Structures are given as structure tokens and as C-alpha cells.
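The values are calculated or read from the model by the stated rules, or taken from the named source; none is laboratory data. What you see is a predicted model; the values in this text were computed from it and never measured. Keep in mind that these areas ignore ligands, DNA and RNA; they rest on the heavy atoms of the full protein, side chains included. Shrake-Rupley method; radii C 1.70, N 1.55, O 1.52, S 1.80 Å.
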Amino acid sequence: MELSAASALGMAIAAGLAAAGAAIGNGIATGKTIEGIARQPELRGRLLTMMLISVGLIETVPLIAIVIAFLLLGNIQ
């Protein structure tokens with residue numbers, strides 16, 4: 001396997017793992033928020049605000065991973 005093919009495969013694996021990790025993180029954050037709202041409905045607004053901020057931060061991880069992977073791929077070729 002050539003170096004460019006191996007680097008492209010590595011880039012795809014890295015991006016896929018980052019996306020899978022973000023999906024798991026979003027699921028946990030959303031599930032815990034729903035549990036919190038079920039226990040204390042009066043805190044719904046605060047919990048949703050904190051969840052949306054957390055989900056936004058979690059979603060930046062795969063984006064950063066993809067950008068880094070493309071930068072590395074560009075340097076290797």
C-alpha cells in the first residue's frame with residue numbers, strides 16, 4: 001500500500017472515530033439532560049441552555065479532527 005493510500009485510510013478512520021465519539025457524547029449529554037428535566041421540571045430552561053452549549057462544544061471535536069486530518073494529508077502528499 002502506498003503512503004498516500006495509507007494516509008487517506010488513516011484520515012478516514014480518524015474522522016470516523018471522532019464522529020462516533022461525538023455521537024456518543026451527544027447521546028449521553030442529551031440523556032442526562034432529559035433525566036434532569038424529569039427530576040426537576042422547574043430547571044428546564046437552565047438545563048437546556050447548558051445542554052445546548054455542551055452539545056455545541058462536543059460537535060467541534062469531529063470538525064477539528066477532520067481539519068487536522070486534511071492538513072496532515074496535504075503535508076504528506
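Listed values, structure above:
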{"quantity": "Where the chain is the region considered: accessible area per residue in Å², 1.4 Å probe", "calculated": "71 Å²"}
{"quantity": "Prolate/oblate/rounded label for the range 23-67 (Cα gyration tensor, a/c 1.5)", "calculated": "oblate"}
{"quantity": "Within a Gaussian network of the chain (alpha carbon springs, distance under 10 Å), most fluctuating of Gly31, Gly56, Gly45", "calculated": "Gly45"}
{"quantity": "Tensor-based shape of the chain (alpha-carbon gyration tensor, a/c under 1.5 rounded, otherwise prolate or oblate)", "calculated": "prolate"}
{"quantity": "Most mobile of Leu57, Leu43, Leu17 in a GNM of the chain (Cα contacts under 10 Å)", "calculated": "Leu43"}
{"quantity": "Estimated vicinal HN-Hα couplings, Hz - the range 16-28 in sequence order (Karplus 6.51, -1.76, 1.60; Gly, Pro = x)", "calculated": "x, 5, 5, 5, 5, x, 5, 5, 5, x, 5, x, 5"}
{"quantity": "Angle between the chain longest axis and helix 44-76 axis [Cα atoms, degrees, rounded to 10]", "calculated": "0 degrees"}
{"quantity": "Percent accessible area from carbon and sulfur atoms, the chain, protein chains only, probe 1.4 Å", "calculated": "73 percent"}
